[in-house]
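Everything below concerns the one structure shown next.
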Amino acid sequence: GESVGLHLPTLSVQEGDNSIINCAYSNSASDYFIWYKQESGKGPQFIIDIRSNMDKRQGQRVTVLLNKTVKHLSLQIAATQPGDSAVYFCAENDPTGRRALTFGSGTRLQVQP
Amino acid sequence: DAGVIQSPRHEVTEMGQEVTLRCKPISGHNSLFWYRQTMMRGLELLIYFNNNVPIDDSGMPEDRFSAKMPNASFSTLKIQPSEPRDSAVYFCASSFSNGEKLFFGSGTQLSVL
């Protein structure tokens, strides 16, 4: 995932625009990836997941793209709404099963009305 | 289902005191995870259990931290003695045995003065 830092990268978009949040993962052997949304004062909430045998997966207003060549994951949110404002985390699995999901440091999405 | 239930929601204590955090996973889930979240380090896995057995505790900071899962519906994370640097939000999560889609609780906000 992203390197840990003192502050979260922030993406600011206008309501109604599309948002793209990016994530670089670290383990080329990882075969399962997941996106979470965390609103202030709450626990992370599942959004969408994807396995490494897929390049793209769509949900309701969200799409996850996986590029295994460059170890890159992205989350696209269509017609972004104020309720989408949150911190978004990507996570990758450990294919050996010995460790749990490893989370990136997150991206803050701010939706301007 | 009520989801993963954590208690207390907030805990304020003085340095040196013992702190016990509690978690009730989702019924039917076989895996339970304890994560710690800080601004500096993001979401860090502390320990996870599969079928009540600790599988990976390499994330437990030091001997002051201990975790137990006496049965499938309850787990505790204990810090003794607590220190100010333990201040963080502690999340419990559960999943089916494959440890993929984790469901998080609302977290315990711990402040050690």
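Could you tell me the relative contact order of chain A? Use alpha-carbon pairs under 8 Å, at least six residues apart, and round to a whole percent.
Rounded, it is 38 percent for chain A.
For a quick check: sort A:Leu66, A:Leu101, B:Leu77 by the number of other beta carbons within 10 angstrom, fewest at the front.
On the way: A:Leu66 19, A:Leu101 26, B:Leu77 23.
Lowest to highest Cβ neighbour count: A:Leu66, B:Leu77, A:Leu101.
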**Prompt:** At 10 °C and 1.306 mPa s, what whole-number value in µm²/s does Stokes-Einstein give for the translational diffusion of the protein assembly as shown, with Rh from the Kirkwood sum over Cα pairs?
**Reply:** 88 µm²/s
**Message:** Residue by residue through segment A:48-60, what is 3J(HN,Hα) from phi via Karplus (6.51 cos²θ - 1.76 cosθ + 1.60, θ = phi - 60°)? Round to whole Hz and write x for glycine and proline.
**Reply:** 7, 9, 8, 9, 6, 7, 10, 9, 8, 8, 10, x, 7
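Using the beta-carbon distance between B:Ser97 and A:Gln60 and R0 = 30 Å, what value does 1/(1 + (r/R0)^6) give for FRET efficiency, to the nearest 0.05?
Numbers: r = 27 Å, r/R0 = 0.92.
E(calc), rounded to 0.05, equals 0.65.
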**Complete:** Placing each pseudo-label 7 Å from Cα in the direction of the beta carbon, A:Glu39 and A:Ser52 end up separated by a distance in nanometres of 3.5 nm
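Could you sort B:46-54, A:54-62 so that the peptide with the highest average Cβ count within 10 Å comes first and the rest follow in order? Walk me through the intermediate numbers first.
Numbers: B:46-54: 17.7, A:54-62: 12.3.
Most protected by this proxy first, the peptides run B:46-54, A:54-62.
Which of the pairs A:Lys71/B:Lys101; A:Lys42/A:Lys68; A:Lys71/B:Lys68 have their Cα atoms more than 26 Å apart in this structure?
On the way: A:Lys71/B:Lys101 20 Å; A:Lys42/A:Lys68 31 Å; A:Lys71/B:Lys68 36 Å.
Check vs 26 Å cut-off fails for A:Lys42/A:Lys68; A:Lys71/B:Lys68.
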**Item:** Average partner coverage of B:44-50, which counts Cβ from other chains inside 10 Å
**Value:** 2
**Request:** Starting from the Cα of B:Arg9, step 7 Å along the direction of its Cβ; do the same at A:Gln76; then give the gap between the two resulting points in nm.
**Result:** 3.9 nm
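Given the C-alpha atoms of chain B, compute the convex hull and give its volume per residue in Å³.
Values: hull volume 10.2 nm³, N = 113.
Cα-based convex hull of chain B, divided per residue, equals 91 Å³.
Within chain B, what is the longest stretch that has no GluC sites (Glu not before Pro) placed in a DSSP loop and near at most 11 other beta-carbon atoms within 10 Å? The partial results should precede the final answer.
On the way: sites that count: B:Glu14, B:Glu18, B:Glu62.
Counting only loop sites that pass the neighbour cut-off, the longest clear stretch is B:63-113.
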**Asked** Computed from the mean reciprocal separation of all distinct C-alpha pairs, what Kirkwood hydrodynamic radius does segment A:9-113 have, in Å?
**Response** 14.0 Å
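Here, each number is a calculation from the coordinates, and none is a lab measurement. Owing to the predicted nature of the structure, the values given are computational and were not obtained by experimental measurement. For neighbour counting, all protein chains shown are included, and Cβ atoms are generated from backbone atoms with ideal geometry for every residue, glycine included.
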